[in-house]
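See structure below.
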Amino acid sequence: MSIDKETAARVAHLARIRVKDEALPALAEEFNAILGFIEQLNEVDVEGVEPMTSVTPQRLKRREDVVTDGNQQVKILANAPDAREGFFAVPKVVE
Amino acid sequence: MTDLNKLTIAEARDLLHKGDVTAVELTESCLSAIEGSNALNAFVHNTPEISREQAKAADARLKSGDAPAMCGIPLGIKDLFCTKGVPSQAGSAILEGFKPEYESTITQQLWDNGAVMLGKLNMDEFAMGSSNETSTYGDVVNPWRRGNDDAPLTPGGSSGGSAAAVAADLCLGATGTDTGGSIRQPAAFTGITGIKPTYGRCSRWGVVAFASSLDQAGPMTKSVRDAAIMLEAMAGHDPLDSTSADLPVPNFEAALTGDIKGKKIGIPKEYRMDGMPEEISKLWEDGTAMLKDAGAEIVDISLPHTKYALPAYYVIAPAEASSNLARYDGVRYGHRATLAAGEGIDDMYEKTRAEGFGHEVQRRVMVGTYVLSAGFYDAYYNRARRVRTLIKRDFEQVFAEGVDAILTPATPSAAFGLGEMADADPVQMYLNDVFTVTVNLAGLPGITVPAGLDKQGLPLGLQLIGRPWEEGDLLNVAYALEQAAGFVSKPSKWW
């Protein structure tokens, strides 16, 4: 299927990336080139094949459910563009 | 001694341990080489104070007589690795000013082994690129040129800064990461050695994530022996990375006997692509003959799903990237866009990400968002993961038939000119990884070794692919190939 300008705008919004209106046709064209390339996958017979979840077969390790880390508020906030009173600050979310 | 920066890790280690040179001398030699290398744009954040301090500590440790192999060895670190208190931007404007409060497991292990950090190395933004042209720091320039032609060439990507720095003797070795070929392709373009270990061999903790099921770090070095020494220091189980393998790390250097008699080397017919340049196919044939002469048994093999590796990769990698890069939202670290009056939090996300991400990163995040979106998840993402299972199965079948390693070209061409691919559609650039990307999808170890020069005097590499967890064996085959190829060329210094 072919991606039009509206679909490109919808994807950009889903990805939370602002794309100027005039840039959308070119973006849609790039998507189409990439998706056209990906279409080849439809040639493969995948009947009965499991989707890969882990490339190296292994069980995830388990550990005691206890707190092992924490109390690092200053370090965690150190790189924030806007931190106030021990919190990350963002534009008003709730009216 | 002069030109200490030109030593290999193994040579420097031996001199350091004999007391013939000091880590401080070695480090100073690299620091002055870096100072004169601005034209290459490989080092982007220099850390001379840290280097000098670490070098002094290494000398003390060497004197005490209890120093590991990497003690006193000056290294460059790809910008993708978080290094405490030192800018770590993943080549992106969105992480401008970010100084991690923690150290990646791999770099911590290197410092624990006494290695010296010279600084951070340029790379494609978030490791997305094959030419180091998507970096916020600007292009890296390959120290190699086409004869007397001064047109700047790409060092490859995404570990382009690492490759250029090692090839130009700015450091003795460098860390790289490889999601679809980002260690092996730049290594081939710059005439050095690079190994991507088995997925899970090196911890991903503290390495900025691109596509978590594919990302693996590894060393980029001047020789196979150096790769063995440095990989051993980087590898090992890490409880902070749930996909890190709890397996002992062997002494990889001890595996380098050069004896490959009776080893079965597979030559996959699907890698003989239409329109493959003659120089590449000749190099491949020469490499095959070298391994045969060294006593290996050459067998023709088939990896039937090879053709589908790149398309599967360009679903899986962007899908994982769109999820991983969701964290760059202007809240916790890095860039935040300035908002106009009345703009809310969604405007903040959208403007921040539009300003902070470069074009290629935006494109891949959006492709990933699309293939994961409702209605397309099965058709694209799940299908690609099924194809990935088949690609891995191809390799498993070949290994089950007794093949020890697989020999292929590393890249479809030698290094190309910076800007030469600017007008090509994105898929053309993606084809650079056609020989390397299967290895990431199957989680296998792969290494490239420089094996010759093309007509224009540029290096060409061959790739060897090994069985999972058998990096020692793989390094040994690579060592035999290195010995036989006898590649000793270096770029002549113009920078």
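The values are calculated or read from the model by the stated rules, or taken from the named source; none is laboratory data. Keep in mind it's a predicted model, so treat the numbers as computed, not measured. When we count neighbours, we look across all protein chains shown, and the Cβ atoms used for this are built from the backbone with ideal geometry, even at glycine.
Overview of values
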| item | result |
| --- | --- |
| Region B:319-336, subset at the interface with another protein chain (Cβ under 9 Å from one of its Cβ atoms) and of a type in the set (Gly, Ala, Ser), residue nearest to the chain's Cα centre (by Cα) | B:Ser322 |
| Which listed residue is buried (at least 16 other Cβ atoms within 10 Å of the Cβ) and either among the basic types (Lys, Arg) or more than 14 Å from chain A (Cβ to nearest Cβ) (or both), from B:Ile316, B:Ile301 | B:Ile301 |
| From B:Ala211, B:Ala217, B:Ala245, B:Ala235, residue being within 24 Å of B:Glu396 (Cα to Cα), over 17 Å from the mean Cα position of the chain (by Cα) and among the hydrophobic types (A, V, I, L, M, F, W, C) | B:Ala245 |
| Every residue from region B:245-267 that is within 14 Å of chain A (Cβ to nearest Cβ) and hydrophobic (A, V, I, L, M, F, W, C) | B:Ala245, B:Leu247 |
| Flag for A:Val46 being more than 9 Å from every other protein chain (Cβ to nearest Cβ) and within 28 Å of B:Gly200 (Cα to Cα) | no |
| Options B:Glu343, B:Glu350; residue that is part of a loop (DSSP other than H, G, I, E, B) and within 11 Å of chain A (Cβ to nearest Cβ) | B:Glu343 |
| Single condition B:Thr338 does not satisfy, out of (1) assigned to a loop (DSSP other than H, G, I, E, B); (2) crowded, with 17+ Cβ neighbours inside 10 Å; (3) without any contact (Cβ under 8 Å) to a residue 40 or more places away in the chain | (2) |
| Residues of region B:364-391 satisfying the condition of being surrounded by fewer than 18 Cβ atoms within 10 Å (Cβ to Cβ) and of a type in the set (D, E, K, R) | B:Asp378 |
| Residue within region B:183-192 that is basic (Lys, Arg) and either surrounded by fewer than 24 Cβ atoms within 10 Å (Cβ to Cβ) or over 10 Å from the mean Cα position of the chain (by Cα) (or both) present | no |
| Failed condition for A:Glu22, given (1) at pLDDT 95 or above; (2) under 30 Å from B:Leu444 (Cα atoms); (3) in a helix (DSSP H, G or I) | (2) |
| Residue that is out of contact with any Phe, Trp or Tyr (no Cβ under 6 Å at 6 or more places or on another chain) and either within 30 Å of B:Lys351 (Cβ to Cβ) or aromatic (Phe, Trp, Tyr) (or both), where the choices are B:Leu31, B:Leu62, B:Leu95, B:Leu75 | B:Leu95 |
| Number of positions in region B:444-479 that are surrounded by 24 or more Cβ atoms within 10 Å (Cβ to Cβ) and small (Gly, Ala, Ser) | 5 |
| Region A:71-92, subset among the hydrophobic types (A, V, I, L, M, F, W, C) and part of a helix (DSSP H, G or I), residue farthest from B:Gly342 (Cα to Cα) | A:Val74 |
| Checklist (1) in contact with an Asp or Glu (Cβ under 7 Å, 6 or more places away or on another chain); (2) more than 7 Å from chain B (Cβ to nearest Cβ); (3) part of a loop (DSSP other than H, G, I, E, B) applied to A:Arg16, failing item | (2) |
| Matching residues in region B:220-231 - criterion: being surrounded by fewer than 24 Cβ atoms within 10 Å (Cβ to Cβ) and more than 15 Å from the chain's Cα centre (by Cα) | B:Arg225 |
| Test: B:Val361 is outside any loop (DSSP other than H, G, I, E, B), crowded, with 22+ Cβ neighbours inside 10 Å and in contact (Cβ under 8 Å) with a residue 60 or more places away in the chain | yes |
| Matching option when the condition is away from chain A (no Cβ under 11 Å), touching a residue at least 12 places away in the same chain (Cβ under 8 Å) and of a type outside the set (A, V, I, L, M, F, W, C), among B:Glu278, B:Glu270 | B:Glu270 |
| Qualifying residue in region A:67-78 (condition: surrounded by 10 or more Cβ atoms within 10 Å (Cβ to Cβ) and touching a Phe, Trp or Tyr at 6+ places or on another chain (Cβ under 6 Å)) | no |
| All helices (runs of 4 or more DSSP H) inside region B:16-134 with 2 or more residues being within 23 Å of the chain's Cα centre (by Cα) | B:23-35, B:105-112 |
